[in-house]
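Right, one structure below, let's go through it.
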Amino acid sequence: MNKKLILIIVPAAVIIAVAVVFYMNRGGSVVIQQPQVSALSADAKKMEEGGDLVSARAAYQKLINDYSNSREVMDWQKRFEDLNIRLLFSPVITSKSIEYEIKPGDSLDKIAREYKTTVELIMKSNNLSSENIFPGKKIKVWTAPFSIVVDKSQNTLILKSNEEVIKTYIVATGLNNSTPVGTFKIIEKIVNPPWYKPGGGMIPAGNPQNILGARWLGLDKEGYGIHGTTDPQSLGKQATAGCVRMLNAEVEQLYSIVPKGTEVTIVD
């Protein structure tokens, strides 16, 4: 009886092994790869925890590209995007930034305008507590342009730089699909904006009735913009009068990154 069992199992095992090799050679992914995937994922986490942000980011990018069908891919994507922000706000020079030596007559505003970035991003990237700078000091300056894509079908806002995804945010868009579709530009930036109610009346910043939250990024389509919220439960839904609504902490982050003139594309 044992001999018969062996005769049945061995050919089956051979068939399975041949099928796995064939499938992998065709670019497929199978469960047998999981131990390798887990080891690579653990290595990426060690790099991240050890402070080697550049290597960790590259490791997560490779995992996302090579094992897109893995059950861990969403976690890798989140870690990858979190590392993008950490690198953006760190002094580490990347392919999208330069080391700039401050010259006589420079100011952070002048440098920001020259490289189409923001004073806030320069300060965060260099751990500066004030805008006072001195000739000869070297600072990190981000040089790659940013862009924004708002996907109404997913209620997401995607921050990009040179078409590479930097960060994905969950947002609220217009009720009954009222957020306009098209390509616009940010032309106005306001910290703690007042809200002018339709039909008249101004609600000051900080008032619970002020629906704009902590920041306003106005578009070149009158009346529309990206802003914070007093109703975080609405995020991920069609809930606004047409604007794009974000969590306050996240709109503050976005505000510090993107300069006036940033292109915003809104799609269905």
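Derivation of every value follows stated rules applied to the coordinates shown; laboratory data play no part. Every value quoted in this text rests on a predicted model; they were computed, and no experiment measured them. Cβ atoms come from the backbone with ideal geometry, glycine included; neighbour counts cover every protein chain shown.
Quick rundown of the values:
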| read-out | value |
| --- | --- |
| Two-decimal log10 I(q)/I(0) for the chain, as the Debye equation yields it once each C-alpha is a single scatterer, q = 0.11, 0.12, 0.17 Å⁻¹ | -0.75, -0.85, -1.31 |
| Förster-model FRET efficiency, 35 Å R0, Phe134 and Glu164, C-beta, rounded to 0.05 | 0.55 |
| The chain: calculated mean residue ellipticity at 222 nm from DSSP helix runs of at least 4, using -39500 (n - 2.57) | -11000 deg cm²/dmol |
| Degrees between helix 248-257 axis and first principal axis of the chain (Cα, 0 to 90, nearest 10) | 80 degrees |
| Cα-based helix-to-principal-axis angle, 53-66 vs the chain, degrees rounded to 10 | 50 degrees |
| Degrees separating the helix 34-49 axis from the principal Cα axis of the chain, which is the longest one | 30 degrees |
| Net charge dipole size for the chain [Lys, Arg +1 and Asp, Glu -1 on Cβ; Debye, nearest 20] | 500 debye |
| The chain: relative contact order in percent, alpha carbon pairs under 8 Å with at least 6 residues between | 15 percent |
| Under Karplus coefficients 6.51, -1.76 and 1.60, residue-wise ³J(HN,Hα) of region 70-80 in Hz, glycine/proline x | 5, 5, 8, 4, 5, 5, 4, 4, 5, 5, 4 |
| In order through region 197-203: 3J(HN,Hα) via Karplus (6.51 cos²θ - 1.76 cosθ + 1.60), integer Hz, x for Gly, Pro | 5, x, x, x, x, 10, 9 |
| Given Lys46/Lys96; Lys140/Lys197; Lys138/Lys189, the pairs whose alpha carbons are separated by over 32 Å | Lys140/Lys197 |
| Debye log10 I(q)/I(0) at q = 0.12, 0.15, 0.18 Å⁻¹ for region 146-267, Cα point scatterers | -0.37, -0.59, -0.87 |
| Residue exposure sequence - Tyr169, Tyr60 - by fewest surrounding Cβ within 10 Å | Tyr169, Tyr60 |
